[in-house]
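In what follows, a single structure is set out as structure tokens and then discussed.
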Amino acid sequence: MNVLVVYAHPEGNSFNAALKEKTVSILGGTGNKVAVSDLNEMDFKPALDTRDFLELENPASVNYLMEQRNASAKGLFAPDIKAEQEKVTKADLVVIHFPVWWFSAPAILKGWFDRVLAAGFAWDFGKIYKDGLLPGKKGMLVVTTGGNAQIYSKDGLHGTDMDQVLYHINHGVLYFCGMRVLPPFVAYSAFQVGDEGRRRYLEEYEARLKKIDSLEPIRYP
Ligand SMILES: Cc1cc2nc3c(=O)[nH]c(=O)nc-3n(C[C@H](O)[C@H](O)[C@H](O)COP(=O)(O)O)c2cc1C
């Protein structure tokens, strides 16, 4: 299987980095091909603009979405987008690593969604969810948080749980584009659980990776 790891964390000593290393070593050790997009190391351009296209269809009145469709049809994406799209095309499994920042993903990863999962490439008009343009692929989020599991519950301080916090990515991005979505791996309170807690998370995550082929995707209505 071809695996694409999309990793969005600027700190090499973060716990998310340790989880990413597990993904690379465990999945890479079983005969899979693993490609890594380390967005911060690549200095990935996060904000979309007209430089994302080699040529514009309608320079007098730019509509980014329509330019994406045009670029998808005619092969007019800027090289950094094209390279990422080629990795996505090859991948059977996309594992996306990031720390939860403001109940969401770091801006650099949001920019990867915005620019790489383009109209005409990952989805199109009338081609979403089960008809999305990335069928046959699986996606999985691997996240670290500052908050603990208790406050991420309906009755907890945050008043919502991690499934809801990640819904806009799991459902709104991955499932939207036609991917099957594996349950996320969440390491709560990554820097407060101590060495023992982090060791347990790594063990748990390794066990999850070893049975990744048999993991049931989330069932959305
Ligand atoms: C800009 C920013 C926003 C953050 N927002 C959240 C948040 O919404 N929820 C949360 O649990 N932790 C939040 N945190 C804490 C990080 O999630 C936490 O420090 C990190 O995931 C710890 O894991 P790491 O070692 O992988 O960085 C935030 C941190 C930063 C820098």
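A few comments on the model shown:
- Close pairs from the range 138-161: first under 23 Å from Phe176 (Cα atoms), partner open to solvent by 30 Å² or more (accessible area, probe 1.4 Å) and more than 11 Å from the ligand (Cβ to nearest atom), Cβ under 6 Å, at least 6 apart: Lys138/Arg180; Asp161/Ser153
- Of all the criteria given as (1) within 11 Å of the ligand (Cβ to nearest atom); (2) within 21 Å of Asn16 (Cα to Cα), the one not satisfied by Gln150 is (1).
- Some residue of the range 157-166 being away from the ligand (no atom under 12 Å from the Cβ), within 15 Å of Ser104 (Cα to Cα), part of a loop (DSSP other than H, G, I, E, B) and open to solvent by less than 30 Å² (accessible area, probe 1.4 Å): no
- Leading residue by the ranking (nearest to Thr145 (Cα to Cα)) among those in the range 15-26 that are open to solvent by 20 Å² or more (accessible area, probe 1.4 Å) and within 11 Å of the ligand (Cβ to nearest atom): Phe15
- If you go through the range 8-66 and keep only what is within 21 Å of Leu76 (Cβ to Cβ) and of a type in the set (Lys, Arg), you end up with Lys45, Arg51.
- Inspection of the range 103-115 identifies at least one residue that is of a type in the set (Val, Ile, Thr) and either surrounded by fewer than 22 Cβ atoms within 10 Å (Cβ to Cβ) or assigned to a helix (DSSP H, G or I) (or both).
- Taking every residue in the range 102-121 that is among the β-branched types (Val, Ile, Thr) and pairing it with any residue that is open to solvent by less than 40 Å² (accessible area, probe 1.4 Å), at least 6 positions away or on another chain, the pairs with Cβ-Cβ distances below 7 Å are Ile108/Ala8; Ile108/Leu39; Ile108/Phe44; Val116/Ile81; Val116/Glu84; Val116/Gln85; Val116/Val88.
- A single entry from Gly29, Gly12 fulfils the requirement of being closer than 28 Å to Lys210 by Cα and within 14 Å of the ligand (Cβ to nearest atom): Gly12.
- If you filter the range 47-56 down to residues that are more than 17 Å from Gln85 (Cβ to Cβ) and out of contact with any Leu (no Cβ under 8 Å at 6 or more places or on another chain), you find that the one that is surrounded by the most Cβ atoms within 10 Å (Cβ to Cβ) is Leu56.
- Qualifying residue in the range 133-145 (condition: open to solvent by 50 Å² or more (accessible area, probe 1.4 Å), more than 16 Å from the ligand (Cβ to nearest atom), hydrophobic (A, V, I, L, M, F, W, C) and more than 20 Å from Ile169 (Cα to Cα)): no
- Some residue of the range 101-119 being more than 16 Å from the chain's Cα centre (by Cα), of a type in the set (A, V, I, L, M, F, W, C) and over 29 Å from Leu202 (Cβ atoms): yes
- Of residues in the range 57-77 being free of Cβ contacts under 8 Å to residues at least 40 places away in the same chain and loosely packed, with under 15 Cβ neighbours inside 10 Å, the one farthest from Leu166 (Cα to Cα): Ala60
- The range 179-205, residues that are away from the ligand (no atom under 16 Å from the Cβ) and within 21 Å of Asp163 (Cα to Cα): Met179, Arg180, Val181, Leu182, Pro183
- Members of the range 7-26 that are more than 12 Å from Leu39 (Cβ to Cβ) and among the hydroxyl-bearing types (Ser, Thr, Tyr): Ser14, Thr23, Ser25
- Every residue from the range 167-193 that is open to solvent by 20 Å² or more (accessible area, probe 1.4 Å) and in a strand (DSSP E or B): Arg180, Val186
The values are calculated or read from the model by the stated rules, or taken from the named source; none is laboratory data. None of the values given here were measured: they were computed from a predicted structure. Note that we place each Cβ from the backbone using ideal geometry, even for glycine, and neighbour counts take in every protein chain shown. For the accessible areas, the whole protein counts, side chains as well, though only heavy atoms, and no ligand, DNA or RNA atoms are used. Shrake-Rupley method; radii C 1.70, N 1.55, O 1.52, S 1.80 Å.
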